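Accompanying notes for the structure given below.
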Amino acid sequence: MSTERLIVVGGDAAGMSAAAQAKRRNPGLEVVVFERGPHTSYSA
Amino acid sequence: MEEIDSPRGRVRVRDLQNNRVVWESYDQLLLATGAVPVCPDLPGADAVEICGVNTLQSGIELRRILDDRNPKNGIVVGGGYIGLEMAEALVRRGMAVSLVSRSPEVMKTLDPDMGHLVSQALRDFGVTLYLEETLIGFETKSGKITGVVTDRRSLPADIVILGLGVRPNTELAAAAGIPLGERRSIRVNELMQTFVAGIWAAGDCAETFHLVSRKPYYLALGTIANRQGRVAGVNLGGGSATFPGVVGTAVTKICEVEVARTGLQESELRELGIEWASAVIRSRTKAGYLPGAGKITVKVLAEKGSGRLLGGQIVGMEGSAKRIDTLATALHAGFTVEEMINLDVGYAPPFSPVWDPVVIAAREAAKLV
Ligand SMILES: Cc1cc2nc3c(=O)[nH]c(=O)nc-3n(C[C@H](O)[C@H](O)[C@H](O)COP(=O)(O)OP(=O)(O)OC[C@H]3O[C@@H](n4cnc5c(N)ncnc54)[C@H](O)[C@@H]3O)c2cc1C
Ligand SMILES: Cc1cc2nc3c(=O)[nH]c(=O)nc-3n(C[C@H](O)[C@H](O)[C@H](O)COP(=O)(O)OP(=O)(O)OC[C@H]3O[C@@H](n4cnc5c(N)ncnc54)[C@H](O)[C@@H]3O)c2cc1C
């Protein structure tokens, strides 16, 4: 069985909070974040 | 990311470093694309000296323009918290700053009587306010900004900062047929799932629910983005969490003055057809005899008849704003103002008068409902 793949679009407050939570809960989940700007997690 | 192909479970992404386009497939997709600043469609609006501040990058670019050109005249358009915070920052750099806003007072997330206190604080700090004026255009000379035109005057400007609010960044979601709600934010359930299987949304691009009006609601704040992101992440990671909604709490600080609001304000209550009573009280942030006891004004709104707390607003000196959290918690709990009178909040002279200002306001409101 191939691993489940989560794609997150947007790497700031909401996207990175979710990505981190999901990966922590399920380390087997493949998590990929696409962010068009040069920074992540910059707002809150 | 440039396109969502939900039937095939994939998104099209462009690598901005080498311009290569690839399709990436997903089992689950979370949209956390945030919000974008509202930009007026006016001639001259593309001059570089006209800035919105919405990302770290845009803040860095604005800072570079300020450092390189040392502009003298700054105009801020918009009287929300971003406009106000920027006006303060420009004054602190020694610039002459004017603020243009369509509303009768700045901070229209407050009732006008409370917003008036903030307008006054800005004037005291040296910001010239042009209220109830609408931006109609920009003056430029060979591509450089020279002025801002309102429906009543034209003002000289070397730099213009736009704080006209934000709108959810949902064009790609809409193009993929994902249902939108309030102000074109992405509709979600309590788990943060959209109404398309396998696609989730959280943060400034997503809709939320107002726990006082019991209606869908849109509010772009980092507080909510973090909470919604956490809930989406827990569920995506196999756990279970729900996001019930918000009561509309926000705080900010302009110069020395702290500003806070929660719940519904008068304009919203009028629209919802809810009858309310309101009390405004003036007190101190510490025991009155202590040095540093600052002024604080608290407004509490409660439903006529039932006495149910509907909202509150605070303007005052250091130590004022976070008192809104008592009101926010009471809104979550569905308390009446009567029930708030005996809330066991703390007191010692360095922190508040023996009756907390928020509780004093609730007592006054309880007499009026
Ligand atoms: C000046 C300023 C001050 C603020 N102060 C406060 C405050 O004091 N308290 C508070 O609660 N909130 C505050 N906010 C609001 C807060 O910053 C936002 O609510 C929060 O950043 C929302 O987080 P988000 O992750 O939903 O969206 P965003 O922070 O907007 O992030 C979305 C990200 O998605 C990326 N993106 C968008 N589309 C795509 C795409 N198609 N492909 C790839 N990437 C994409 C963007 O580049 C961006 O990085 C402030 C905002 C501003 C601008
Ligand atoms: C040093 C100190 C610091 C404190 N700090 C805090 C604090 O930070 N936060 C907090 O919440 N609480 C604090 N307290 C407690 C607070 O002061 C008391 O809870 C509060 O004063 C109680 O008020 P009271 O009116 O019930 O009684 P009291 O203030 O004790 O008043 C009783 C009054 O009755 C008078 N009296 C008594 N018997 C008779 C009689 N037979 N005939 C006529 N008069 C009489 C006494 O002379 C007195 O004036 C502190 C107390 C002390 C001693």
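A few points about this structure:
- Taking 0.36 nm per residue of separation and subtracting the Cα-Cα distance, full extension of the segment from B:Arg184 to B:Leu290 would add 33.2 nm.
- Extension gain, B:Thr329 to B:Asp41, is 99.6 nm, computed as 0.36 nm per intervening residue step minus the present C-alpha separation.
- The charge dipole of the stretch B:276-369, taken about its Cα centre with unit charges on the Cβ atoms of Lys, Arg (+1), Asp and Glu (-1) only, comes to about 320 debye.
- Taking other C-beta atoms within 10 Å as the exposure proxy, B:Thr252, B:Thr134 rank B:Thr134, B:Thr252 from fewest upward.
- Choice from B:Val13, B:Val97, B:Val257 with maximal GNM fluctuation in chain B (Cα, 10 Å cutoff): B:Val13
- The number of Lys pairs in the stretch B:250-366 with C-alpha atoms less than 16 Å apart, excluding pairs fewer than 8 positions apart on the same chain, is 6.
- For chain B, the mean residue ellipticity at 222 nm estimated from helices alone is -7500 deg cm²/dmol, where every DSSP H run of n ≥ 4 contributes -39500 (n - 2.57) and the total is divided by all residues, rounded to the nearest 500.
- The ranking of B:Lys141, B:Lys215, B:Lys108 by Cβ neighbour count inside 10 Å, starting from the fewest, reads B:Lys141, B:Lys215, B:Lys108.
- Overall form of the protein assembly as shown per C-alpha gyration tensor (a/c, 1.5; a/b vs b/c): oblate
- For a straight C-alpha distance cut-off of 28 angstrom, the lysines reachable from B:Lys144 (same-chain residues fewer than eight places away being disregarded) are B:Lys72.
- Springs between Cα atoms under 10 Å define the GNM used for chain B, and in it the highest mean-square fluctuation of B:Leu162, B:Leu42, B:Leu236 occurs at B:Leu42.
- Distance from the C-alpha centroid of the stretch B:204-275 to that of the stretch B:302-363: 19 Å, rounded to the whole angstrom.
- Residue exposure proxy: B:Ser101, A:Ser41, ordered by other Cβ atoms within 10 angstrom of their Cβ from fewest to most, comes out as A:Ser41, B:Ser101.
Every read-out reported here was derived from the displayed coordinates using simple, explicitly stated rules and does not represent laboratory data. This structure is a prediction, so every number in the text was calculated from the model and none was measured. Methodologically, a virtual Cβ is constructed for each residue, glycine included, from the backbone with ideal geometry; neighbour enumeration extends over all protein chains shown.
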